[in-house]
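Novice: What follows is a single structure, and I will ask about it in a moment.
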């Protein structure tokens, strides 16, 4: 991983443009691969997070790369804006009040562990995103969630709840656990229409 700054800025602008078009016209603008770098046209997986006044307003993403990174950003930006079940759809009026953040993910790697203590020892708070799976129940927290849940026990409890599992499910040693890293970049402040060219 390691995108150039111009690619980071292009993805943030793309996320904002896609959401604006989806809210105003009902469909996102088409992508022109000829205007994008090779990295943005290569398959990649990302999460797009929308915040308002520093508070989460929507977050949707992909864990596995299955389409060009630029397309993944576009789709997930729109989904975070209007399809995150935790929030009402973003309104056009809110666009100037929110910031977009993109997290480009590495491929998840299975974490082999033996028991709770081994699992806790192998987790890297602040570095690893964590994906847990048990049967059809699955959930992930991006690496930046450690900022709000720095205690590994609390982190795993909340992740189990997010997956629809009992909060102590991680203690039983039965969860499949995967870790990944994320390259995160964000708008420093909301972008008003007047500031865009």
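The values are calculated or read from the model by the stated rules, or taken from the named source; none is laboratory data. What you are looking at is a predicted structure, and each value in this text was computed from that prediction instead of being measured. Virtual Cβ from ideal backbone geometry, glycine too; neighbours counted across all protein chains shown.
Novice: Might you check whether a residue that is free of Cβ contacts under 8 Å to residues at least 60 places away in the same chain and touching a strand residue (DSSP E or B) at 6+ places or on another chain (Cβ under 7 Å) occurs anywhere in region 173-187?
Specialist: yes
Novice: Please specify each residue of region 127-139 satisfying the condition of being in contact (Cβ under 8 Å) with a residue 12 or more places away in the chain and either surrounded by fewer than 11 Cβ atoms within 10 Å (Cβ to Cβ) or more than 19 Å from the chain's Cα centre (by Cα) (or both).
Specialist: Within region 127-139, just 134 meets the criteria.
Novice: Please work out which residue is nearest to residue 101 (Cα to Cα), limiting yourself to region 170-187 and to residues that are in a loop (DSSP other than H, G, I, E, B) and touching a helix residue (DSSP H, G or I) at 6+ places or on another chain (Cβ under 8 Å).
Specialist: Among those that are in a loop (DSSP other than H, G, I, E, B) and touching a helix residue (DSSP H, G or I) at 6+ places or on another chain (Cβ under 8 Å), it is 187.
Novice: Tell me the residue from 35, 24, 9 that is assigned by TED's automatic domain parsing to the domain that holds residue 91 and under 14 Å from residue 92 (Cα atoms), please.
Specialist: 24
Novice: May I ask you to verify whether residue 34 is surrounded by fewer than 16 Cβ atoms within 10 Å (Cβ to Cβ) and either farther than 18 Å from residue 143 by Cβ or out of contact with any strand residue (DSSP E or B) (no Cβ under 7 Å at 6 or more places or on another chain) (or both)?
Specialist: Yes: the conditions hold for residue 34.
Novice: Additional query: So in region 147-157, with the set limited to residues that are surrounded by fewer than 17 Cβ atoms within 10 Å (Cβ to Cβ) and out of contact with any helix residue (DSSP H, G or I) (no Cβ under 6 Å at 6 or more places or on another chain), which one is farthest from residue 49 (Cα to Cα)?
Specialist: Top of the filtered list is 153.
Novice: If you don't mind, there's one more thing I want to ask. Count, please, the residues in region 163-177 that happen to be over 12 Å from residue 120 (Cα atoms) and surrounded by 15 or more Cβ atoms within 10 Å (Cβ to Cβ).
Specialist: Final tally of qualifying residues: 4.
Novice: What are the residues in region 31-75 that are at positive phi and without any contact (Cβ under 8 Å) to a residue 12 or more places away in the chain, if any?
Specialist: 54
Novice: Of the residues 90, 63, which is within 30 Å of residue 172 (Cα to Cα), buried (at least 16 other Cβ atoms within 10 Å of the Cβ) and not assigned by TED's automatic domain parsing to the domain that holds residue 139?
Specialist: 63
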